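Please treat every number below as a calculation from the coordinates, not as lab data. Note that the coordinates shown come from a computational prediction; the quantities given were computed from them, not determined experimentally. Note that each Cβ is placed from the backbone with ideal geometry, even for glycine, and that neighbours are counted across all protein chains shown.
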Amino acid sequence: MSFFSHPTAVIDEGCTIGEGTKIWHFSHIMPGCIIGERCNIGQNVVISPDVVLGKNVKVQNNVSLYTGVICEDDVFLGPSCVFTNVINPRSAIVRKEQYMKTIVKKGASIGANATIVCGNNIGEFALIGAGAVVTKEVPAYALLAGNPAKQLGWVSEYGHRLNFDKNNEAVCPESGQRYRLENNLVSLIG
């Protein structure tokens, strides 16, 4: 076996789990899931059928990932965050054909207890604050918090707040990477 799973974890048949991945206590990995290399799946995590996780995805304790969710490489999902997959769920009405896709792009982080309403993609390296409720698309490098989540600014790939100068350029204090803000979009320039 090229991955680790705690004896209490339940891994259904038909999953693909990458080398070096760790799956911890009481987690349930359902059929058709694809989990990349070097992922860490915390305690009491539910990964529903056909969810896709890229490489090096960190899923903290008590996270629910429902069908339709795709997380690209290097995504961080904080404790107890949750994704929905139907916009108008009803117990008595089956809507499995209406599951909506939600993509969390490379390097994005979602804080503890955040809720991502289905169909709203999270851009590359975006940072969603703890407890936020995301109800619309999130651009790359955006910093969001609150309920409903509102954009508070921009962050670097290292997760530091970016302060743009009069030339619409900013520097990450940790990495030294430079960014440009143009047409309300941030891009890495060096």
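Laid out as a table, the results:
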{"quantity": "The chain - charge dipole about Cα centre, Lys and Arg +1 at Cβ, Asp and Glu -1, debye rounded to 20", "calculated": "460"}
{"quantity": "Gained length - residue 98 relative to residue 25, 0.36 nm times residue gap less alpha-carbon distance", "calculated": "23.1 nm"}
{"quantity": "Rounded FRET efficiency, nearest 0.05, which uses the C-beta distance separating residue 6 from residue 183 and R0 of 35 Å", "calculated": "0.15"}
{"quantity": "Label point distance in nm, residue 88-residue 34, each placed 7 Å from Cα along Cα→Cβ", "calculated": "3.2"}
{"quantity": "Hits among lysines - C-alpha to C-alpha of residue 22 under 18 Å, sequence gap 8 or more where chains match", "calculated": "55, 58"}
{"quantity": "Normalised convex hull volume, the chain, alpha-carbon set, Å³ per residue", "calculated": "120"}
{"quantity": "Local electrostatic count at residue 32 - Lys and Arg +1, Asp and Glu -1, tallied over other residues with Cβ under 15 Å", "calculated": "-1"}
{"quantity": "Diffusion constant of the stretch 79-190 at 25 °C, which comes from Stokes-Einstein with the Kirkwood Cα-pair radius and 0.890 mPa s, µm²/s", "calculated": "165"}
{"quantity": "Selection from 23, 4, 168, by position along the positive dipole direction of the chain (Cβ)", "calculated": "168"}
{"quantity": "Neighbour count of at most 12 Cβ within 10 Å plus DSSP loop: longest GluC sites (Glu not before Pro)-free window in the chain", "calculated": "20-136"}
